[in-house]
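What follows is a short report on a single structure.
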Amino acid sequence: MKDQTVLVTGGAGYIGSHACLELLQAGFKVVVVDNLANSKVESLARVQKLAGKTLTFYQADIRDKQALTDIFAKETPDTVIHFAGLKAVGESCALPQLYYHNNVYGTLVLTEVMNAANVKQLVFSSSATVYGESASPQYSEHFPLGAINPYGRSKAMIEDILRDLSASDKLNNVEKPWKIALLRYFNPIGAHDSGMIGEDPNGIPNNLMPYVAQVAIGKLTQLSVFGDDYPTRDGTGIRDYIHVVDLVQGHIKAIAALNGEHFAEGECKAYNLGAGRGYSVLEIIDAFQRVTGKTIPYQMSPRRAGDLAECFANPALALAELNWQVEKDLDDMVNDTWNWQTKNPQGYQ
Ligand code: NAD
Ligand code: UD1
């Protein structure tokens, strides 16, 4: 498996760059396809420096079928990890066509090119956001789906397309059927412990952890806590935060599983990648203050539309079938976020 070539779409981004580093360190050959719509090529320079190894980078859009076809012909990858996508919920509500075109059409083009090149192993970045409302805050893979915004629906549509694609193999009697892992991420945060790669959000962050980090370093004045009247232990929202390095290890384990016994030919299977426990907004603020010694000014604000009170993973399936579970704790996540933020106050610029 080690000599396999993995083509990573969106590999210059936050999660993709961490995945490239772990893949190089695990002995894979890595080919990145990224249009740099939401990333900088500097992330990949740092990945290669950290790994002491090189990867191949193509600045290309996954919707450009000819470019992608040429890359597949030249690089002959064994497996694809598909991170490329737009991910801002608010922007997806304002620009739904952009999100469906980029995420859904982009995945269609990618899978068409994979089919033509007979590359049939795929690991896809899905999200816990595909789940619908549920009676339990702990989500298992069989829970009903029901995304509530265009970003989430683009992920749910892609999951449907990939399930249909693998089902079609059985009807078409193909020689080499698809094997697809749909990885449903909970809340990825943190950074590589070197502080050389991390999350570099454009403009004002939407997500809690990068916002808190920018308040701590003085770029933003205070945090708004979106709702303190939820039916949770302290009234604020609870989420399952997962260290980005644990998350990308889940992808390496998924590649191993695609090559192993748990993946029957033609299978398309979803796995939660989360820790299996949640922290509230106030617990995150407390941890950040304790670990960094910085005060985080905050004010209570109204609830944010579309937010759940509590959401965390049941990660049992990933443990049973991928042999994966988180290893890092909240202090690691906060420490590594802060290390990245202080070493790179302007991100990759
Ligand atoms: P990111 O924006 O940092 O990375 C995505 C990368 O894809 C960027 O480098 C961007 O330039 C590239 N890209 C976008 N559209 C492209 C296209 N058409 N062609 C080529 N490249 C393109 O985001 P991330 O946080 O690293 O997320 C990676 C994936 O994981 C995304 O699909 C995202 O939806 C999914 N995800 C992220 C989170 C999260 O909290 N970060 C949670 C769940 C799922
Ligand atoms: C959000 C997205 C989700 C996406 C995920 C990626 C929404 C509605 N959901 O999820 O689709 O997959 O990011 O990680 O945008 N909070 C504050 N103040 C802030 C920011 C957040 O109090 O300034 C709270 C939120 O209300 C929530 C928690 O912090 O309770 C975590 O928020 P966030 O980091 O945005 O993640 P999600 O809401 O889980």
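The values are calculated or read from the model by the stated rules, or taken from the named source; none is laboratory data. From a predicted model like this one, the values you see are computed outputs, not experimental measurements. When we count neighbours, we look across all protein chains shown, and the Cβ atoms used for this are built from the backbone with ideal geometry, even at glycine. Surface areas here come from the heavy atoms of the whole protein model, side chains and all, with no ligands, DNA or RNA. Shrake-Rupley method; radii C 1.70, N 1.55, O 1.52, S 1.80 Å.
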**Message:** Quick test for you: out of LEU223, LEU182, pick the one residue that is within 13 Å of ligand 2 (Cβ to nearest atom) and open to solvent by less than 30 Å² (accessible area, probe 1.4 Å).
**Reply:** LEU223
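Could you please let me know if ASP64 is open to solvent by less than 50 Å² (accessible area, probe 1.4 Å), modelled with pLDDT of 95 or more and within 15 Å of ligand 1 (Cβ to nearest atom)? Can you show your working first?
Numbers: open to solvent by less than 50 Å² (accessible area, probe 1.4 Å): no; modelled with pLDDT of 95 or more: yes; within 15 Å of ligand 1 (Cβ to nearest atom): yes.
No; evaluated as a whole, the condition is false for this residue.
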**Message:** Looking only at the range 202-220, how many residues end up being in contact (Cβ under 8 Å) with a residue 12 or more places away in the chain and more than 11 Å from ligand 2 (Cβ to nearest atom)?
**Reply:** 5
**Asked** Within the range 264-279, can one find any residue that is surrounded by 14 or more Cβ atoms within 10 Å (Cβ to Cβ) and part of a helix (DSSP H, G or I)?
**Response** no
**Asked** What number of residues within the range 91-114 satisfy the criterion of being within 16 Å of ligand 2 (Cβ to nearest atom) and open to solvent by less than 10 Å² (accessible area, probe 1.4 Å)?
**Response** 3
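Which is surrounded by fewer than 24 Cβ atoms within 10 Å (Cβ to Cβ) and over 24 Å from PRO177 (Cα atoms), of ALA12, ALA88?
Among ALA12, ALA88, only ALA88 is surrounded by fewer than 24 Cβ atoms within 10 Å (Cβ to Cβ) and over 24 Å from PRO177 (Cα atoms).
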**Message:** Which count do you get for residues in the range 129-158 that are touching a helix residue (DSSP H, G or I) at 6+ places or on another chain (Cβ under 7 Å) and part of a loop (DSSP other than H, G, I, E, B)?
**Reply:** 3
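Just to be sure, is TYR139 over 21 Å from GLY13 (Cα atoms), in the same structural domain as THR56 (by TED's automatic domain parsing), aromatic (Phe, Trp, Tyr) and touching a residue at least 24 places away in the same chain (Cβ under 8 Å)? Give the derivation first.
Numbers: over 21 Å from GLY13 (Cα atoms): yes; in the same structural domain as THR56 (by TED's automatic domain parsing): yes; aromatic (Phe, Trp, Tyr): yes; touching a residue at least 24 places away in the same chain (Cβ under 8 Å): yes.
The answer is yes for TYR139.
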